[in-house]
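These notes concern the structure reproduced below.
The values are calculated or read from the model by the stated rules, or taken from the named source; none is laboratory data. Small disclaimer: the values here were computed from a predicted structure and weren't measured. Here the Cβ is made from the backbone with ideal geometry for all residues, glycine too, and neighbour counts use every protein chain on show. Please note that ligands, DNA and RNA were not included when accessible areas were found on the heavy atoms of the full protein model with its side chains. Shrake-Rupley method; radii C 1.70, N 1.55, O 1.52, S 1.80 Å.
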Amino acid sequence: MGIEFELKYRATEKAQQAILEAFAGEWKEISMETTYYDTPQGDLSALRYTLRRRFENGVSVCTVKTPAEGAGRGEWEVNCHSIEAAIEKLCKLGGPEELMTLAQKGVIAVCGARFTRRALAVEIPGGVAELALDKGFLFAEDREMPICEVEVELKEGPAAAATQFAKALAEKYSLEPEARSKFQRAKSLRG
């Protein structure tokens, strides 16, 4: 199982620009188009699972995330042409087996996100974190919500170092913690 550990913050465009200018290096730009799925009855959301298909610069990546301690989450992903085909592969990688059973009811698109991510690998004490600047919007049905945020995702090393780095960044650039995932916020737009 992969464990994702990330901290997310609301930001202004001005703060994002200041961060871009402050951190030297080769920022990768990734166009993200995400569709989030659930069963028609909402079984996955009830378990706090996130099932998504995301195009990252045109490459289809399917992911399932599950709850874990603190800011961590279980995460499995596979390149696949459809979410239906990905479910079995995700379970074979170690994703929750009940996903297969629940998905037999069918899965439907419930909401989504379109944004541009600028990402940079940053050295932190004892490891590496990805610093990501996301700007775009979340949507569900006919509603949209703009997003402008900063994420710090631990790639290797101690979670405490990533937390310390993120807190210092938040303080310096007046970033506000964001407790809800993109999926949770997009889903809240449903009527």
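Below, the figures for the structure above:
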quantity	calculated
Residues (exposed (fewer than 15 other Cβ atoms within 10 Å of the Cβ) and under 18 Å from ARG180 (Cβ atoms)) located in region 107-136	none
All positions within region 138-165 that are within 21 Å of ALA15 (Cβ to Cβ) and in contact with a Pro (Cβ under 9 Å, 6 or more places away or on another chain)	LEU138, GLN164, PHE165
Qualifying residues in region 156-177 (those that are under 19 Å from the mean Cα position of the chain (by Cα) and either over 14 Å from LEU7 (Cα atoms) or modelled with pLDDT under 95 (or both)) - the one surrounded by the most Cβ atoms within 10 Å (Cβ to Cβ)	ALA159
Subset of region 36-48 that is surrounded by fewer than 22 Cβ atoms within 10 Å (Cβ to Cβ) and hydroxyl-bearing (Ser, Thr, Tyr) - its residue that is nearest to ALA86 (Cα to Cα)	THR39
Qualifying residues in region 181-191 (those that are open to solvent by 40 Å² or more (accessible area, probe 1.4 Å) and either under 23 Å from LYS14 (Cα atoms) or not in a helix (DSSP H, G or I) (or both)) - the one modelled with the highest pLDDT	SER188
Within region 11-66, considering residues that are part of a loop (DSSP other than H, G, I, E, B) and in contact with a Phe, Trp or Tyr (Cβ under 9 Å, 6 or more places away or on another chain), the one farthest from ALA129 (Cα to Cα)	THR12
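Okay, residues lined up against (1) over 19 Å from the mean Cα position of the chain (by Cα); (2) part of a loop (DSSP other than H, G, I, E, B); (3) of a type in the set (Ser, Thr, Tyr):
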site	(1), (2), (3)
HIS81	yes, yes, no
GLU88	yes, no, no
PRO96	no, yes, no
THR116	no, no, yes
ALA121	no, no, no
LEU138	no, no, no
ILE147	no, no, no
ALA179	no, yes, no
